[in-house]
Every structure is written in C-alpha cells, then in structure tokens.
Amino acid sequence: MPQAANSISIIIPTLNEASNINRLLAHLIEKSAGGHISEIIVVDGHSQDNTPALVKEFSKTSAITVQLIHSERGRAKQMNTGAKASLSSILYFLHADSLPPKNFDSLIISEIKKQQLAGCFKMKFDSNHWWLSLVSWATRFNWSICRGGDQSLFISKELFNEIGGFNQEYTIYEDQILTNQLYKRKQFVVIQHWIVTSARLYQKKGVWRVQYHFLMIYLKKWLGGSAEEIFTYYKKHI
C-alpha cells in the first residue's frame, strides 16, 4: 500500500500503561493541528493491566484512527513493528508518559518540508527538582549527549528504513543508538517547543540514584559494553 505523503503515523510502545494511555490519546487529538495525522498505532508488549482494553475503547469514538497491535516485549521490537504497520511517510515515536506541545504535528511537518528529516522536541519533566530542571534546560541544544527517548522522535519512513530501524539487540538504549546514526548523517533537528514527560522513575527510585546509573550505562556503552551487559546492569540497578 502506498504511503500517504506528508502525513504522520504516531507509534506508541506500551507495557502496563493503563494509568497514562487515555490521557495521552486524548492529548494527541486535542493538541494536533488537524489533518496531518493519518493514524495512531499503539504497539502493546503484552501488558498485564487493562491497557489494551482502554485503547480499544478509545478507538471507538476517536476522531483519528487508533489501532492496537501486539508485539514481543521490548521497545525496539515494538517500535519496529509499529513502523512496519504504518501507512504514512513520516513516523513519530512517542512514549506513553510524554505529552507533546500544541500543534506538534504541524511543527513536525514544517521541519520535514525544510528537508529536516529527523528530530525531536526539547523536553521538560513534570517535576520542580532543580537537577531535573537543569537536565530539561540542556535538551534545547542540538548535541547527541542531550538526547533521550522521552523527547520523542520524528523521522521520515524512508530514512528510518535506510538506517534499518531500531537495533533490536538493545532492550534499553535503543533510542540513543538510532539517534547517533542520525547525528553521523548530520540529519537531526531539535524543535524549540516543550514536550512534557513524567519524572515517575526518578520519583520512585531517587533522582541521584537514577542519574548515576544512567551515566554509568552511557559510559559502559562508550567503552564498548554489549547490549546484554548494559541490560544486565540496568536490571540490577534500575
């Protein structure tokens, strides 16, 4: 089936996101400019809560097509599955606890028309912690070290397929692997509007603990650590 030119498929990987998914879907419809989004694809990794049921119920009355598909667990696998099922020329990967800005779809289309074929939004946490505020402030800069999956990612489907999608060897860090490929190609832009993401992991585990272990994961990867080593460290400490 041919891809819809200059239209967006939003791809949301989920795992036990019943507390967030309705709010996100409603937000996407309310904050979109209209006419640019061809579909919202929720790719569920076999949730144990009622995430799938909530998506199905929402889809019955949604102004935008919402479809639920299933995949093996793992964000890289889930997002690749969603990309394969998509019908649009632009993919927008979004975490279930991140809320993009008003008219986010028009902002993405505007960059695509300028031949900026991949990018994200600057990001802020829903927390007043001074360190998280500093981290948020740094996301405005177009540096690879300032990137993360919570900022979301838009990319042309053609470029996504050319790169080979997300590396499914990585259970975590998959977003940084793909982003690094985009920076090597000098094909990345940071849209200067805020996406707001949940600080729930920091609140649950502690800001300094989480930040320290994320830094260690970054260093392990930089020093040549394998996908398995990085995931083992993540499971043990986070």
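The values are calculated or read from the model by the stated rules, or taken from the named source; none is laboratory data. Please read all numbers here as calculations on a predicted model, not as lab measurements. Here Cβ is always computed from backbone atoms with ideal geometry, including for glycine, and neighbour counts include all displayed protein chains.
Answer yes or no: is there a residue in the range 18-37 that is crowded, with 18+ Cβ neighbours inside 10 Å and closer than 16 Å to S156 by Cα.
yes
F104 - would you say it is out of contact with any Asp or Glu (no Cβ under 6 Å at 6 or more places or on another chain), closer than 19 Å to L159 by Cα and of a type in the set (F, W, Y)? When the stated conditions are applied, F104 does not pass them. Looking across the range 148-169, the residues that are more than 22 Å from T197 (Cα to Cα), out of contact with any Leu (no Cβ under 6 Å at 6 or more places or on another chain) and of a type outside the set (D, E) come down to N161, I163, G164, G165, N167, Q168.
Looking only at the range 181-238, residues that are among the polar types (S, T, N, Q), within 21 Å of F141 (Cβ to Cβ) and touching an Asp or Glu at 6+ places or on another chain (Cβ under 8 Å) come to 1 in all.
All conditions in (1) in contact (Cβ under 8 Å) with a residue 12 or more places away in the chain; (2) loosely packed, with under 14 Cβ neighbours inside 10 Å hold for V42, with the sole exception of (2). Would you be able to say whether some residue in the range 41-64 is touching a Lys or Arg at 6+ places or on another chain (Cβ under 6 Å) and of a type in the set (A, V, I, L, M, F, W, C)? No: the range 41-64 contains no residue that is touching a Lys or Arg at 6+ places or on another chain (Cβ under 6 Å) and of a type in the set (A, V, I, L, M, F, W, C). Close contacts from the range 163-192, counting a first residue that is without any contact (Cβ under 8 Å) to a residue 60 or more places away in the chain and a second that is outside any helix (DSSP H, G or I) and among the charged types (D, E, K, R), with Cβ to Cβ under 7 Å and a gap of 6+ residues or different chains, come to Q176/R147; T179/R147.
Tally the residues that are touching a residue at least 60 places away in the same chain (Cβ under 8 Å), out of contact with any Gly (no Cβ under 7 Å at 6 or more places or on another chain) and either not β-branched (V, I, T) or not assigned by TED's automatic domain parsing to the domain that holds F160 (or both), restricting the search to the range 103-125.
Looking only at the range 103-125, we keep the residues that are touching a residue at least 60 places away in the same chain (Cβ under 8 Å), and these are 103-109, 111-113, 116-125.
Now restrict to residues that are out of contact with any Gly (no Cβ under 7 Å at 6 or more places or on another chain): 103-109, 112-113, 116-125.
Now restrict to residues that are either not β-branched (V, I, T) or not assigned by TED's automatic domain parsing to the domain that holds F160 (or both): 103-107, 113, 116-125.
Total satisfying the criteria: 16.
S98 satisfies every condition listed in (1) more than 15 Å from S7 (Cα to Cα); (2) polar (S, T, N, Q); (3) more than 14 Å from the chain's Cα centre (by Cα) except (3). Of the numbered criteria (1) buried (at least 17 other Cβ atoms within 10 Å of the Cβ); (2) without any contact (Cβ under 8 Å) to a residue 24 or more places away in the chain; (3) within 23 Å of Y202 (Cβ to Cβ), the one P52 fails is (3). Among residues of the range 78-98 that are closer than 21 Å to Q115 by Cβ and of a type in the set (A, V, I, L, M), none has a beta-carbon under 7 Å from a residue that is assigned to a loop (DSSP other than H, G, I, E, B) and modelled with pLDDT under 95 at least six positions away or on a different chain.
This table checks each residue for (1) modelled with pLDDT of 95 or more; (2) aromatic (F, W, Y); (3) farther than 27 Å from L15 by Cα; (4) buried (at least 19 other Cβ atoms within 10 Å of the Cβ).
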| residue | (1), (2), (3), (4) |
| --- | --- |
| A85 | yes, no, no, no |
| S88 | yes, no, no, yes |
| F93 | yes, yes, no, yes |
| Q115 | yes, no, yes, no |
| S127 | yes, no, no, no |
| W131 | yes, yes, yes, no |
